[in-house]
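Below is one structure, written out as C-alpha cells; comments come after it.
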Amino acid sequence: SQQGEEDPQALSIQEGENATMNCSYKTSINNLQWYRQNSGRGLVHLILIRSNEREKHSGRLRVTLDTSKKSSSLLITASRAADTASYFCATDAFALSEGNQGGKLIFGQGTELSVKP
Amino acid sequence: EAQVTQNPRYLITVTGKKLTVTCSQNMNHEYMSWYRQDPGLGLRQIYYSMNVEVTDKGDVPEGYKVSRKEKRNFPLILESPSPNQTSLYFCASSKRKVETQYFGPGTRLLVL
C-alpha cells in the first residue's frame, strides 16, 4: 500500500504564481523527502525534513511537516516554466514489520506540475 | 563525478528470457535500492540493500532477485520476465538507509 499520497494529482499554473503540493502518509516516520522528476528521467532530491522539524527552506522551496496530521506540503514560490515536472514525496516506513529491517522508502504517486509561460 | 549508473538503458526482451539490469554507484554508499515506475502507480520499491550481503524486500519483490556482493554494485535479476514487468526501472543509492537518494537514469524494459 502507498504510504505517501500527493494531492493534487495535477496542477497547472502561470509563471510567477506559487505552487503548493500536499503529501499525506500513514505511519510514523523518521523523515520525509521531496523529489522532482522531469519526464521519464531519474528523480532528483529536493529537500529532506526530519520528523522533529516543522519547516524547512531551500531557495524558492518551502516544506512543512505536520506529524500530528501526518502530512507535508511543498511550496514553490514564484514558479518558472522550468519548474514543470512531477513532484514526489517519500517516507521511510518507521515501523518494523514482517521481519524487515526498516529500510523501506515509500513514494507517493506524485503531482504533475505544469507552469505556463 | 558522483553518480549512479544503470545498464542497459533500454531493453526489449521476450517472456521467460532471463535478464540482468546492472546498477553501480561510485559514492561508497551503504544503501541501494531498486524501484519500478508505472503510470498512475508512482514509484514502488522492489528490493533494497542496507549493506553488502544484506538485502530485503520492498513492496513489489515478486518476480525479481537481487544480490549485493560488493558495495558499489546492486544488480536486478529477472529470472523469467513476464509482460507485467514491462516498466521503467530506477536504481538509487544513499549514504545510509532512507536518507537522500541518488537516482540512476532509468532502464526502460519491454517484455513481449
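The values are calculated or read from the model by the stated rules, or taken from the named source; none is laboratory data. No experiment lies behind these values; they were computed from the predicted model shown. In this analysis, Cβ positions are derived from the backbone assuming ideal geometry, glycine residues included, and neighbour counts consider all displayed protein chains.
Among the residues of the range A:30-55, those identified as more than 9 Å from chain B (Cβ to nearest Cβ), at pLDDT 90 or above and over 11 Å from the mean Cα position of the chain (by Cα) are A:38, A:50, A:51, A:52, A:53, A:54, A:55. Taking every residue in the range B:94-105 that is at the interface with chain A (Cβ under 7 Å from one of its Cβ atoms) and under 12 Å from residue A:47 (Cα atoms) and pairing it with any residue that is crowded, with 22+ Cβ neighbours inside 10 Å and of a type in the set (A, V, I, L, M, F, W, C), at least 6 positions away or on another chain, the pairs with Cβ-Cβ distances below 9 Å are B:101/A:43; B:101/A:90; B:101/A:105; B:101/B:92.
Would you kindly identify the strands (runs of 3 or more DSSP E) lying entirely within the range B:1-88 that contain at least 2 residues that are surrounded by fewer than 18 Cβ atoms within 10 Å (Cβ to Cβ) and aliphatic (A, V, I, L, M)?
Values: elements: B:4-7, B:10-13, B:19-25, B:31-38, B:42-51, B:54-57, B:76-78.
Counting at least 2 such residues, we get B:10-13.
The residue of the range A:1-23 that is nearest to residue A:73 (Cα to Cα), among those that are more than 9 Å from the chain's Cα centre (by Cα) and among the small types (Gly, Ala, Ser), is A:19.
Residue by residue, here is whether (1) within 11 Å of chain A (Cβ to nearest Cβ); (2) within 13 Å of the chain's Cα centre (by Cα); (3) at positive phi; (4) not hydroxyl-bearing (Ser, Thr, Tyr) holds:
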| site | (1), (2), (3), (4) |
| --- | --- |
| B:4 | yes, yes, no, yes |
| B:24 | no, yes, no, no |
| B:28 | no, no, yes, yes |
| B:31 | yes, yes, no, no |
| B:52 | no, no, no, yes |
| B:67 | no, yes, no, no |
| B:85 | no, yes, no, yes |
| B:90 | yes, yes, no, yes |
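Assessment of the range B:59-66 against the conditions (of a type in the set (Val, Ile, Thr), under 16 Å from residue B:31 (Cβ atoms) and modelled with pLDDT under 95) yields no matching residue.
Applying the set (1) more than 26 Å from residue B:89 (Cβ to Cβ); (2) β-branched (Val, Ile, Thr); (3) out of contact with any Leu (no Cβ under 6 Å at 6 or more places or on another chain) to residue A:20 leaves exactly one unmet item: (3).
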